[in-house]
Amino acid sequence: MSSELEQKPGRGRPRKMLNRTLFAARFAAWLSCARESAGITVNQLASLASIPKSTIWAYEQGACEPSLATASALAAALGLTLANFGAEKKSRK
């Protein structure tokens, strides 16, 4: 049985749409975790990044994905770079 990513266009979701959905979900998790780790609220991040709080909320819900410029602004407001996106936290033993 092939996975959803391996399906041919026309069967299930088109590959590009699925990849965008996966990106939105990963970005949502990263943004939420980074914001919470920084100890700031959605309102505070909105103010720091000059982005409407409703937009940040939508990103954190995975409802949409940011442009590269917006993602960079959010990362900078959190004191991070996009190089931190997707970086796995190493567990301390």
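Taking Lys and Arg as +1 and Asp and Glu as -1, the other residues whose beta-carbon sits under 14 Å from that of I56 total -1. Starting from the Kirkwood Rh over alpha-carbon pairs, what translational D in µm² s⁻¹ does segment 23-66 have by Stokes-Einstein at 10 °C and 1.306 mPa s? The Stokes-Einstein estimate is 157 µm²/s.
A short reminder: the numbers here are calculations on the coordinates, not readings from a lab. All of these numbers come straight from a predicted model, not from anything done at the bench. Here the Cβ is made from the backbone with ideal geometry for all residues, glycine too, and neighbour counts use every protein chain on show.
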